[in-house]
1. Being among the polar types (S, T, N, Q), open to solvent by 40 Å² or more (accessible area, probe 1.4 Å) and in contact with a Leu (Cβ under 8 Å, 6 or more places away or on another chain) is the filter here, so list the residues in segment 64-98 that pass it.
2. Please determine whether any residue of segment 85-96 is closer than 17 Å to ALA200 by Cβ and outside any helix (DSSP H, G or I).
3. Which ones in segment 155-172 are open to solvent by 30 Å² or more (accessible area, probe 1.4 Å) and under 30 Å from SER29 (Cα atoms)?
4. Please determine, by comparing only the residues of segment 33-52 that are open to solvent by 10 Å² or more (accessible area, probe 1.4 Å) and not in a helix (DSSP H, G or I), which one is modelled with the lowest pLDDT.
5. Just to verify a result, which residue in segment 53-63, among those that are touching a Phe, Trp or Tyr at 6+ places or on another chain (Cβ under 6 Å) and either modelled with pLDDT of 95 or more or not in a helix (DSSP H, G or I) (or both), is most open to solvent (accessible area, probe 1.4 Å)?
6. I need the full set of residues from segment 16-32 which are surrounded by 18 or more Cβ atoms within 10 Å (Cβ to Cβ) and either free of Cβ contacts under 8 Å to residues at least 40 places away in the same chain or among the small types (Gly, Ala, Ser) (or both), in order please.
7. Show the residue pairs meeting these rules: Cβ distance below 6 Å; 6+ apart or different chains; first residue within segment 228-244 and open to solvent by less than 60 Å² (accessible area, probe 1.4 Å); second residue acidic (Asp, Glu) and part of a helix (DSSP H, G or I).
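The values are calculated or read from the model by the stated rules, or taken from the named source; none is laboratory data. None of the values given here were measured: they were computed from a predicted structure. Cβ placement follows ideal geometry from the backbone for every residue including glycine, while neighbour counts extend to all protein chains displayed. All accessible areas refer to the heavy atoms of the entire protein, side chains included, with ligands and DNA or RNA removed. Shrake-Rupley method; radii C 1.70, N 1.55, O 1.52, S 1.80 Å.
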Amino acid sequence: MAAPRSVYACDPGRSRGRLFAEPPSKTRSPFRRDCDRVIHSTAFRRLKYKTQVFVFHEGDHYRTRLTHSLEVAQIARALARQLGLDEDLTEALALAHDLGHPPFGHAGERALDSCLRAHGGFDHNAQTLRVVTSLEHRYPEFDGLNLTWETLEGIVKHNGPLTERSGKPAGHGIPAGISDYVATNDLELWSFASLEAQVAAIADDIAYDAHDIDDGLRAGLFTVDDLKIMPLTAQMIAAITGRYPDLDDDRRGAELVRELISYLIGAVLSEARGRLEASKPKSVDDVRHHGEALISFSPPVAQAEAGIKSFLKERMYRHSRVMGVMGDAEQIVFDLFAHYQKTPGDLPPEWLPPGCETESDTERARRIGNFIAGMTDRFALTEHQRLFDSTPDLR
């Protein structure tokens, strides 16, 4: 059963609104409208052919950015429902969180960051903000999707606050694109995001821990028994074997993934309820000003979850089969960027706006970066085949 709406949930009736004023919907809350706009966006549909770990043509059953986003949304809604949060805002943030990812997953992001290093670098959260505030062209009165302040806040703070209260950058600084945008629409980068945004962020961790195990097993990069090296998964595997001693490995792996998702959701709920009871926030602003995240794993669970990530990094992300493909994928992005820099006329007409001949080097590089970031894996491959004599097979 769903919990009643909490006092610290984001209230759509008290949203800070949109940058461009619009009449309210007669049938949907502002946050439901945001979620629907994300679903109907071009960038969301393109996630179908963007890499999670395996390039799209390596198999029909591996996760893509689209199926990953759907799984994040399912987990995030489950958490929001139990905590009395706004499910529509939570879902909008979960579905939007990867809209800015370039082709070929983190390999594509590394390559674009290198290409744009002299022009502010590349960050996929900042690119998501660009997508929803300027790069989508679907409405007659504005560029972007004109999402509510609360959704934009959750997008840019996916990994937490970006500055200190004084405005001093935190961590690695404020990514290019976010710093420009907040000059016209202050997203209060110094504060924590809403609980809905924090839930979407931790659901992202839960989803890719679980489904990367599933995909790694399917790909034969490791076995169920290899996962016994970690105490948490070892206990789960032992319990599954006790209940189903004759179960085949495919079903053992699937049962493990289900058990892991359920366990991590329960662990987040337990820790969140404890922190909320201790801090007693009375509003969403109390959440933002609390000084630390209220949605988190407990230290022991965080340690176990970090162990899963470490295992996946060593046995999957750095596997020679994956590394070889991703190295070739990075080169495709490098090649495309260099070609468009040298021969900008090869860009599609809609990416050659009036006056582009006189733009600065940074403006040109950013325009090319935006074009490449929007590519799917298969479009990037097709474009490389069009422009170059030889293109890696990525298998």
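1. Step one: list which residues in segment 64-98 are among the polar types (S, T, N, Q), which gives 64, 67, 69, 74, 82, 90.
From what's left, open to solvent by 40 Å² or more (accessible area, probe 1.4 Å): 67, 74, 82.
GLN82 - this is the single residue of segment 64-98 that is among the polar types (S, T, N, Q), open to solvent by 40 Å² or more (accessible area, probe 1.4 Å) and in contact with a Leu (Cβ under 8 Å, 6 or more places away or on another chain).
2. Yes, segment 85-96 contains at least one residue that is closer than 17 Å to ALA200 by Cβ and outside any helix (DSSP H, G or I).
3. Within segment 155-172, ASN159, PRO161 qualify.
4. Out of the qualifying residues, it is GLN52.
5. The first filter runs over segment 53-63 and keeps only residues touching a Phe, Trp or Tyr at 6+ places or on another chain (Cβ under 6 Å), leaving 54, 56, 62.
Retained after the next criterion (residues that are either modelled with pLDDT of 95 or more or not in a helix (DSSP H, G or I) (or both)): 54, 62.
On the way: PHE54: 8, TYR62: 32 Å².
The residue in question is TYR62.
6. The one that is surrounded by 18 or more Cβ atoms within 10 Å (Cβ to Cβ) and either free of Cβ contacts under 8 Å to residues at least 40 places away in the same chain or among the small types (Gly, Ala, Ser) (or both): SER29.
7. The qualifying pairs are MET236/GLU259; ILE240/GLU255.
This table checks each residue for (1) at pLDDT below 95; (2) not hydrophobic (A, V, I, L, M, F, W, C).
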residue: PRO300; (1), (2): no, yes
residue: ARG318; (1), (2): yes, yes
residue: VAL322; (1), (2): yes, no
residue: VAL333; (1), (2): no, no
residue: ILE372; (1), (2): no, no
residue: GLU383; (1), (2): no, yes
residue: ARG395; (1), (2): yes, yes
